[in-house]
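Since every read-out is calculated from the coordinates, none of them should be taken as a lab result. Here the structure is a predicted model, which is why all the values come from computation and not from measurement. A quick note on method: Cβ atoms are made from the backbone with ideal geometry, for glycine too, and the neighbour counts reach across all protein chains shown.
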Amino acid sequence: MLDTIGEMPPFRGPEAVDIFLTVNGQGATAHLPPHRSLLELLRGPLGLTGTKLVCNAGNCGACTVLVEGRPVYSCITLAVACEGKRVETIEGISKDGELHPVQEAFIDHDAYQCGFCTPGQVMSIVALLRAKGGAPTEDEMRRAVTGNLCRCGAYVNIVKAGMSAARRKK
Amino acid sequence: MAGIRVVKSRDEFEGEIFESLSIIQGSDLPAHAASVEFEEIGKSRKRVDGVQRVTGRATYTHDVALPGMLHARVLRSPYPRARVRAIDTKKAEALPGVRGVLHRFNSPKAAFRGEETIFREEVRFIGDEVAAVAADDADTAARALGLIEVEYELLPHVTDLEEAITDGAPKLEDGGNVFDAGSLKRGEPRQAFKSADAVVEGTYRTSTQLHNSLESHGAVAQWDGENLTVWESTQHVFGVREGIRAALLLPLSRIRVICDYMGGGFGSKGGVGKYSIIASLFAKQLGRPVRCVLTRHEENLAAGNRSATLQKVKLAGKDGRITAVDHTSWSNAGQGRWVANPTGPTNTLYDFANLTTKSYRVVTNAGSLSAFRAPGYVEGTFALEQAIDELAERMGVDPLTLRRRHAASQKDPRTTKTYSLKRLLECYTIGAREIGWTKRRAGGTRGSAPHRRRGIGMATQIWGGGGGPPAYATVHFNSDGTVILRAGTQDIGTGTRTVLAQICSEELGVECDRISVRIGDTEGPYGPISAGSLTLASVGPAVRLAARDAREQFLGAAAGVLEIRKTELRMERGHIVSKGARTPISEVSKKLENNTVIGKGSRWPNPESLAIKTFGAHFAQVEVDTLTGEIVVEKVVAVHDIGRIVNPMTAASQVQGGVIQALGFALSEERVVDRSLGRVMNADLEWYKIPTVLDVPEIVVRFTDRPDRRANNLGAKGLGEPPIIPTAAAVANAVANATGVRLRHAPMTPARVLEALAVVR
Amino acid sequence: MSLFSYAKPRALGEALRLLKNGTVALAGGTDLVGLIRSGLARPNALVDLTGIDGLRGWSREKGKGLRIGALTSLSELETSPQLRKLAPMIAESLRDAATPQLRNMGTVGGNLLQRNRCWYFRDEAVPCWLKGGTRCFAAEGENRYHAIIGAAECVMVSPSDLAPALIAYDAEIELASSIGRRTVKLGMFFITPSGRQRREHAIKKGELITSVRIPESALERRGTFLKAMDRKAWSFALVSVAAAARIKDGKAHDVRVVLGGVAPSPWWVPAAHKLLEGSALDDNSCLAAADVILGGAQPLRDNGYKVTLARELIRRALRSLVA
């Protein structure tokens, strides 16, 4: 027999439900129906518009944020599934008004053109640099942003910026 | 004010003359000599708006959120061609949160691009606007769309270019489906073909490319009494304003259009969209701000594309030269009223003595084309430059040598005007050296494994990029010595704010970080569309003159304040410099009120007797897996002749981006339409494949970097389009060199490579 | 998009009890959210499995093979150096699967249960056979990415990169429901839609995949995974090939060749495995096996290239086992 311990958790919704989570180090609350995405939660009620909506289908990476430290697509992540989790967005990585080394490097290396994919690219690289103790190889850097499309084609400088930030961080 | 004049200018592009009036005053400045050492110009400067872009604080149209804002969504035709008979919106209106529904039976008249209304009676492609809903949130609006009941009368349709030009195709317009879009005859091509040593003939195809700007088209509209403000992701705020005026018949003084940051356009955001009109109408009707932005799916149905083309190219050669050219092109314009010209490069790039070119616009029941970065030229160059390689091979001439023979002329073959500056041969020399052209072997070389073949190819680029009037700028001094530069242009991602700040700084003698650049707002001085590679060359010279005007006025004021003769003063790095003394400009400016010094500048006309063009050449090295059809582009050398480089770093970014976008066109990007359904099957970023970071080869960027001093007072020309033009052809020529097989259909997917290789085997 | 309620149980038993009619299990959501948005799934409730700890991670007991919990993220499998040593083909198959973000989100169970990517199937407005309609639009329509072999009423292809790799390791999956557990060979779990079976997986209502097991004997095999794409990353396979064999004295034993992207379910032909038993995997025998594997190929208007591609990838994958 299968285990039957534990109480039956209640189904919540489909009307709006309260969602508690941590965004950029601070507790956040929202009231949204379960079908709404983390991206909608961030851009709507929380007003964090740095994270962009492009494909809304997990095909482009513009909505990349970190959940529990790992990059995910917030457009296909349900907000309600982030209950109790740590979420980090582009607005949260600069501390006390000082840019994160990855952000600095993006400016130094002109690692953007229109800038719409930039927040997502930055988040993917931030996650890589945190995960890698040592400096990543260039191949690792490229692979870290394979899930972030850039239509302007700033890839060369994005990889350069990432590598430069990795060196700076050491 | 003294010395104001109105001048008419005539600029030629693709054989068409564009006339404009502009107001100028005083005198223009001569362009600096090549040898001048600058403080700012020619220096790699980080973007002045970099912090906004990397922190997510840059406000794009998508990010505009106003109190009480409603969200509009558009119901689009599910049929490629149908008559809208009736619309029932009762159920949609009953949905809680829905605030309004607009459609052809209840919408106020709003003229749009020559049509009376934004909701057509006959919808002509899947994605054509049928109705719109405004609701409290986008989710509710989307649900409401599903509740609108429309009665359609289906009509026969055709979406495919080659099907549309056949006799049996449904006729979509009174004149049929095929329309003349230009032709040119030069010399005696027929005789030249007859007397040729060698003739090559090929049919080329290019597939429909979708822009896929990451920020989709969209607008937010807000009324304040009789005044309308529209935030729109656009390449031309003034164009949007004019479009809104035409639709809503408002005085221009009551319309303000703002585009602070925009997430890519690539030509597709040239003017007002139906979404802007819909947002404005709803906002008026409902008394609340309204946001209407396209989904990715809508973006790929209804926001434009690079037309698919069918091209037939025939070249004749004799005595090692190209003696005759025949190039005919058909472009799938969808429902577009114009078409780009793929024969443009054939008409103007080389000194062909004998040629015939024809271009046709073909209407179909597919989404309309819109300009896409070098429209026509990317497609045409793909065909022409392959045909030249093929002829070179047939004649046993090195393909680069053959081109050199036809690229040296200093006269535009179309107008016979002299070029203001042309250093194409130098581009060839630089590119050939960087790629190692001398290592190129007929038949290619062995690659990294026996079944992998390596090859080298190249292709040439011509484009306009000279810019022109009208374009204006103002430079204001604040009382603390900081400066506000205003120009009604917009930054589509190229770094406009940064290069304008550099130009202003250089002329003014005030550092970049003290200059705020305000653009993307119709409250500023008029600026042209940011398209056609004309922003820098149009707006930059006006900025320079505005900075000069401000400097002269400021020095006049300083002369009074410091009691030194103006002729003994100059401005340098934020200081008034006189003999032996440096006074910070704030010392003077604090004695003046804000904005009492306002410099104005306008773009002077181009010299009418000269042809102003940009040139370049790309060299590509590829490795082809002959058993899997995989093309690996290993290296692209991009050399461009675009006059003076204002900011080498942002210029290099432009070139890399152009090459990468071109590689998408060359290798993987292709709109797929089911002909019988008329549906786009890959209106998404899953199956519509734009390049990823792993698709990027080594890219070497080089510029001739010589000022085009006869073009304008900066000696600079545009760079947006040039780097996307020759890449696909260079890659195709490299593939042909590697494998002996010519790929005449872009994109050159593994399927097409394998198919072509199978034919030879 | 349908509205649904949501529950996040902490234990498997709870989850199974909640999985009734109209409820659907949610793991990484990378496929399900899209299916719901496009109206292809219309659950009235989601049961989020990610709160269940026991289904995460992998383990190996000597002699008992490898066990991978169904909720293990793809990135965990891809990046584990120990697992790479034990069953290298798993990491190889995941390296070019989707993107880092999707591999962080996606789970093993979800990967095996993902639905096909046919653009007619995914287009809500197209009433294709698999969705209960009368015909397959791809068969006569735009089919460059579709099946060349083994298809019946529907010509979609199996999208998973992981599935062929696991099948080549003779993997089994364990399923649980409120009425009990069962174990199925992964190779038998995929269905070619046909007749009354308008679905891709032999999963029953209320069932969940709880784990994947690879038998000890299969871990002795060498493996190679190859994938052809039409750009260098982030593409479903045009063709993928997982090839595995135990190599002894330069001869191949227990050979497995499993293809993705060519048929409605992962494709293999036992006769080819037999043919290669004891072979030195020279070019000729590899190509002979490829011909057996692709013997029944019936390419559609636009996908003939896949036959060429598959034949070559089979050859390369097999050759690399002895290289």
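Annotation: B:Val759 fulfils all but one of (1) more than 11 Å from every other protein chain (Cβ to nearest Cβ); (2) part of a loop (DSSP other than H, G, I, E, B); the unmet one is (2).
Take the residues of segment B:82-91 that are within 18 Å of B:Ile118 (Cβ to Cβ) and not aliphatic (A, V, I, L, M): which is surrounded by the fewest Cβ atoms within 10 Å (Cβ to Cβ)? In this case the residue turns out to be B:Arg83. For segment C:77-88, name all the residues that are part of a helix (DSSP H, G or I) and surrounded by 19 or more Cβ atoms within 10 Å (Cβ to Cβ). Listed by number, the residues that qualify are C:Leu77, C:Glu78, C:Leu83.
When B:Val672 is tested against (1) surrounded by fewer than 22 Cβ atoms within 10 Å (Cβ to Cβ); (2) touching a His at 6+ places or on another chain (Cβ under 8 Å); (3) β-branched (Val, Ile, Thr), only condition (2) is not met.
The residues of segment B:349-360 that are surrounded by fewer than 23 Cβ atoms within 10 Å (Cβ to Cβ) and not hydrophobic (A, V, I, L, M, F, W, C), listed by number, are B:Asp351, B:Asn354, B:Thr356, B:Lys358, B:Tyr360.
Listed here are the residues, each with its yes/no results for (1) in contact (Cβ under 8 Å) with a residue 60 or more places away in the chain; (2) touching a Lys or Arg at 6+ places or on another chain (Cβ under 6 Å); (3) within 14 Å of chain A (Cβ to nearest Cβ); (4) not charged (D, E, K, R).
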residue	(1), (2), (3), (4)
B:Thr650	yes, no, yes, yes
B:Leu667	yes, no, yes, yes
B:Ser676	no, no, no, yes
B:Met681	no, no, no, yes
B:Leu719	yes, no, yes, yes
B:Ala729	yes, no, no, yes
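Please work out if A:Ala111 is more than 7 Å from chain B (Cβ to nearest Cβ) and either closer than 13 Å to A:Val145 by Cα or among the aliphatic types (A, V, I, L, M) (or both). For A:Ala111, the condition - more than 7 Å from chain B (Cβ to nearest Cβ) and either closer than 13 Å to A:Val145 by Cα or among the aliphatic types (A, V, I, L, M) (or both) - is met. The criterion of at least 1 residues that are buried (at least 23 other Cβ atoms within 10 Å of the Cβ) is met, among strands (runs of 3 or more DSSP E) falling completely within segment B:484-586, by B:515-518, B:575-578.
Scanning segment C:63-73 for any residue that is within 8 Å of chain A (Cβ to nearest Cβ) and more than 15 Å from A:Leu78 (Cα to Cα) turns up nothing.
Taken together, the residues in segment C:17-33 that are within 20 Å of the chain's Cα centre (by Cα), assigned to a helix (DSSP H, G or I) and touching a residue at least 60 places away in the same chain (Cβ under 8 Å) amount to 1.
Filtering segment B:197-217 down to residues that are buried (at least 20 other Cβ atoms within 10 Å of the Cβ) and over 18 Å from the mean Cα position of the chain (by Cα), which residue is farthest from B:Ala531 (Cα to Cα)? Walk me through how you get there before you give the answer.
If we filter segment B:197-217 for residues that are buried (at least 20 other Cβ atoms within 10 Å of the Cβ), which is where we start, we get B:200, B:204, B:206-217.
Now narrow it down to the ones that are over 18 Å from the mean Cα position of the chain (by Cα): B:200, B:204, B:206-207.
On the way: B:Val200: 35, B:Tyr204: 27, B:Thr206: 22, B:Ser207: 22 Å.
Here the residue is B:Val200.
Here C:Val47 meets the list (1) in a strand (DSSP E or B); (2) over 29 Å from B:Gly146 (Cα atoms) almost entirely, failing just condition (2). Selection of first residues in segment B:37-66 that are free of Cβ contacts under 8 Å to residues at least 12 places away in the same chain and crowded, with 24+ Cβ neighbours inside 10 Å and of second residues that are assigned to a loop (DSSP other than H, G, I, E, B) and among the small types (Gly, Ala, Ser), restricted to Cβ pairs under 6 Å at least 6 apart or on distinct chains, gives the following pairs, ordered by first then second residue: B:Gly56/A:Gly50. B:Arg76: farther than 25 Å from B:Pro470 by Cβ, surrounded by 19 or more Cβ atoms within 10 Å (Cβ to Cβ), touching an Asp or Glu at 6+ places or on another chain (Cβ under 7 Å) and of a type in the set (Lys, Arg), yes or no? Against the criterion (farther than 25 Å from B:Pro470 by Cβ, surrounded by 19 or more Cβ atoms within 10 Å (Cβ to Cβ), touching an Asp or Glu at 6+ places or on another chain (Cβ under 7 Å) and of a type in the set (Lys, Arg)), B:Arg76 qualifies.
The residue list B:Arg120, B:Arg73 contains one member that is within 14 Å of another protein chain (Cβ to nearest Cβ), over 24 Å from B:Val517 (Cα atoms), within 31 Å of the chain's Cα centre (by Cα) and touching a residue at least 24 places away in the same chain (Cβ under 8 Å), which is B:Arg73.
The strands (runs of 3 or more DSSP E) found entirely in segment A:1-97 that carry 3 or more residues being facing another protein chain (nearest Cβ under 7 Å) and crowded, with 23+ Cβ neighbours inside 10 Å are A:70-73. Among the residues of segment B:276-292, those identified as surrounded by 24 or more Cβ atoms within 10 Å (Cβ to Cβ) and out of contact with any Pro (no Cβ under 7 Å at 6 or more places or on another chain) are B:Ser276, B:Ile277, B:Ile278, B:Ala279, B:Ser280, B:Phe282, B:Val290, B:Arg291, B:Cys292. Among the residues of segment B:426-469, those that are within 28 Å of the chain's Cα centre (by Cα) and aromatic (Phe, Trp, Tyr) comprise B:Tyr428, B:Trp463.
Residue by residue through segment B:140-177, note down the ones that are among the charged types (D, E, K, R) and in contact with a helix residue (DSSP H, G or I) (Cβ under 8 Å, 6 or more places away or on another chain).
Across segment B:140-177, the qualifying residue is only B:Glu149.
Exactly one residue out of B:Val659, B:Val646, B:Val655 is within 14 Å of chain A (Cβ to nearest Cβ), within 30 Å of B:Ser35 (Cβ to Cβ), in a helix (DSSP H, G or I) and aliphatic (A, V, I, L, M): that is B:Val655. Within segment C:99-109, being more than 7 Å from every other protein chain (Cβ to nearest Cβ) and not in a helix (DSSP H, G or I) holds for C:Gly106, C:Thr107.
Would you check if there is a residue in segment A:131-149 being in a loop (DSSP other than H, G, I, E, B), within 12 Å of chain C (Cβ to nearest Cβ) and among the aliphatic types (A, V, I, L, M)? The answer is yes; a qualifying residue exists.
B:Glu129 falls short of the stated requirement of being buried (at least 22 other Cβ atoms within 10 Å of the Cβ) and within 14 Å of chain A (Cβ to nearest Cβ).
When B:Glu634 is tested against the conditions (1) more than 18 Å from B:Ile456 (Cβ to Cβ); (2) surrounded by fewer than 24 Cβ atoms within 10 Å (Cβ to Cβ); (3) more than 8 Å from every other protein chain (Cβ to nearest Cβ), the lone failure is (1). If only residues of segment A:118-130 that are surrounded by fewer than 24 Cβ atoms within 10 Å (Cβ to Cβ) and touching a Pro at 6+ places or on another chain (Cβ under 8 Å) are counted, the one that is farthest from the other protein chains (Cβ to nearest Cβ) is A:Leu129.
Taking segment C:226-323 as the region of interest, the helices (runs of 4 or more DSSP H) fully inside it that hold 1 or more residues being within 14 Å of chain B (Cβ to nearest Cβ), surrounded by 22 or more Cβ atoms within 10 Å (Cβ to Cβ) and not basic (Lys, Arg) are C:283-293, C:305-322.
Of all residues in segment B:429-463, those being in contact with a Lys or Arg (Cβ under 6 Å, 6 or more places away or on another chain), surrounded by 24 or more Cβ atoms within 10 Å (Cβ to Cβ) and outside any strand (DSSP E or B) number 0. Where helices (runs of 4 or more DSSP H) fall wholly inside segment C:110-218, the ranges with 1 or more residues that are within 14 Å of another protein chain (Cβ to nearest Cβ) are C:119-122, C:137-140.
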